Amino acid sequence: MSDQSKQENKSVQEKLTDLSELVGWFQGASFKLETALDKFKAAEVLAEEIEKDLTKLKNDIKIVKKRFDSEE
Amino acid sequence: MDDVLLSVSDFVALTNQTLEYAYPLVQVEGEVAEFRVAQGKWVSFKLKDEGAIVNCFTALAQMRTPLENGMRVIVVAAPRLNNKGYFNLNLRAVKPVGEGSIKKGFELLKAKLEKEGLFAEERKRSLPRVPKRVAVVTSTESAAYADFIKIINERWGGLEVEVAHTQVQGVPAPDQMIRAIRYFNSLDSLPEVLIIIRGGGSAEDLSTFNDEPLVRAIAESRIPTLVGVGHEVDHTLADMVSDVRAATPTDAAQILVPDRQEIIRGARAQANSVGYLLTQAIDNYSRQTKDNLGVAFARIQQKLDDTFERLGILRVAVAQLNPENVLRRGYALLRGEQTVGAILEIETAVHIIKAEVKDVRSK
């Protein structure tokens, strides 16, 4: 599975975690200017994907068929 | 019937048959008096008004609200004549009525459940921040349910919601809700949150949520519970025993799921903050590089200055050692063997002289 499809399969929650980790990387000791631009681009892509995912997601509401007005 | 001779037992049985046919169940309102619990199992009291009094009887396990003398109640009961000749109302349900009695029933049950620790903070479980699958117990015909669904649809997506339709007021409501709670708790894969909601109503309507078995079913739920009943000011034992209390059904929806617009704004802000951090880092690096270059240039300059200074000193020293300078001061340079008869060459600042050695002595 490619990196891109792996990314697409992630849930919104996972993407939010990834984004927070990226912010953490910029503030942490492992920060390197050489890779910072790629990380910045990744953060922008993640923010866009989160917005897209959240906008298109719909809730699935099901009414339980079982009746509760008497003991079965 | 006046020509039929009956035994006492037959008379009692016939009376009960007639009562069962004519009044299978009656609802009677009155005041509780002489309330008693016998052998920890049987409850008896008298229901009275200004003009009459009637005996009431039931099993303790069937009592859904604690009673006290003086409380006003409606009983749902089957009238019966027992074998000892006493007329009883065999109770199916007892419900306090009137603000004072409802409040009294609420306080009695609250004290009882509090003593058992059912409202203790340490029992409260937290809800997942973003649940994926939840269960709702409510009346799907209610405005409260419509509001709840509207709010969660506005706020979030991708949520799986299973809804059990039950009555949320009236005598059958507590048992229906208990069955729904047990149904969700019996599923192989449990929902992450169990939500119980109902809109506002009279104290009597909301008293459904002060029903002891319902409150216990909520307390026993394996699924963390979120209860939003009535308005902000309404407090029921169901919401007190729940893991999380919502002030209203709308509030329950807001507690249940985050607002997607807020999250989108947050994600954008995080991406922007990364951009800002990157710019800041580049600025820092370029400032640092400039500073380092400055330090390096200053060091080189210093080194050069030192070298030139040393060179100057050496040039002076060299100049001082130059024989020409010595000759200019009046000294002469002598070349040749210092033996009598030898020819010497004498160099001064301006002349080169040849001279013969006439005498050589030691000093």
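FYI, it's all coordinate maths here, none of it is from the lab. What you see is a predicted model, and the numbers here were worked out from it, not measured in a lab. Here the Cβ positions follow ideal geometry from the backbone for every residue, glycine too, while neighbour counts run over all protein chains shown.
Structure notes:
- Estimated inter-spin distance, residue B:183 and residue B:19, nm [label 7 Å along Cα→Cβ]: 3.6 nm
- Options B:11, B:97, B:148, ranked by Cα towards positive dipole end of the protein assembly as shown, top entry (Cβ charges): B:148
- Listed cross-link partners A:41/B:132; A:62/B:150; B:48/B:95; B:46/B:104; A:10/B:150; A:15/A:62 are compared with a 21 Å cut-off, the Cα-Cα value being larger for A:41/B:132; A:10/B:150; A:15/A:62.
- Peptide A:31-43 - average C-beta neighbours from other chains (10 Å radius): 3
- Axis of helix A:12-27 versus longest Cα principal axis of chain A: the two differ by about 20°, to the nearest ten degrees.
- Evaluated at q = 0.09, 0.12, 0.13 Å⁻¹, a Debye calculation over the C-alpha positions of chain B (equal weights, vacuum) places log10 I(q)/I(0) at -0.73, -0.99, -1.08.
- A Gaussian network model of chain B, with springs between Cα atoms under 10 Å, assigns the largest mean-square fluctuation among B:173, B:22, B:253 to B:22.
- Considering only B:88, B:52, B:40, the residue lying farthest towards the positive end of the dipole of segment B:8-97 is B:40, judged by Cα position with unit charges set on Cβ.
- Surface/4 estimate of mean projected area, convex hull on alpha-carbon atoms of segment A:10-55, nm²: 3.0 nm²
- Net charge over other residues, Cβ less than 12 angstrom from the Cβ of residue B:27 (K, R count +1; D, E count -1): +1
- Average beta carbon contacts from partner chains per residue of B:269-281, 10 Å cutoff: 6
- The calculated FRET efficiency for the pair residue B:3 and residue B:123, based on their C-beta separation and a Förster distance of 60 Å, comes to about 0.30.
- Average other protein chain Cβ within 10 Å of Cβ, residues B:153-163: 5
- Burial ordering of B:263, B:102, fewest other beta-carbon atoms within 10 Å first: B:263, B:102
- Take each peptide in B:212-220, B:235-243, count the other Cβ atoms within 10 Å of every residue, and average; sorted highest first, the result is B:235-243, B:212-220.
- Residue with peak Gaussian network fluctuation, chain B [Cα springs, cutoff 10 Å], from B:338, B:169, B:320: B:338
- Hz values of 3J(HN,Hα) by residue in segment B:248-264 - Karplus curve (6.51, -1.76, 1.60), Gly and Pro given as x: 8, x, 4, 4, 4, 5, 5, 6, 5, 10, x, 8, 4, 5, 5, 5, 4
- Treating r as the C-beta distance of residue B:33 and residue B:99 and R0 as 25 Å, the FRET efficiency rounds to 0.80.
- If you run the Gaussian network model on chain B, springs between alpha carbon atoms under 10 Å, then out of B:328, B:310, B:265 the most flexible one is B:328.
- Taking amide hydrogens as placed 1.01 Å from N in the peptide plane, the amide H of residue B:133 sits under 5 Å from those of B:160, B:192, each at least 5 positions away in sequence or on another chain.
- Across chain A, the longest piece that holds none of the trypsin sites (Lys or Arg not before Pro) lying in DSSP loops with up to 14 other C-beta atoms within 10 Å covers A:1-31.
- For residue B:246, distant residues with modelled amide H under 5 Å away: B:227, B:228, B:229
- A simple spin-label model places the labels of residue B:314 and residue B:288 3.9 nm from each other, with each point 7 Å out along Cα-to-Cβ.
- Debye intensity ratio I(q)/I(0), log10, segment B:121-258, q values 0.09, 0.16, 0.18, 0.22 Å⁻¹ (C-alpha model): -0.21, -0.72, -0.94, -1.49
- Sequence-ordered 3J(HN,Hα) estimates for segment B:44-61 from the Karplus curve with 6.51, -1.76 and 1.60 and θ = phi - 60° stand at 9, 7, 9, 10, 9, 9, 5, x, 8, 9, 9, 7, 10, 8, 6, 7, 4, 4 Hz, glycine and proline given as x.
- Potential lengthening between residue B:303 and residue B:273 on full extension [0.36 nm per residue; Cα-Cα distance subtracted]: 6.4 nm
- Nonlocal amide H pairs with residue B:71, under 5 Å, H built at 1.01 Å: B:32
- Using θ = phi - 60° and Karplus 6.51 cos²θ - 1.76 cosθ + 1.60, couplings along segment B:348-353 (whole Hz; Gly, Pro as x): 10, 5, 10, 10, 10, 10
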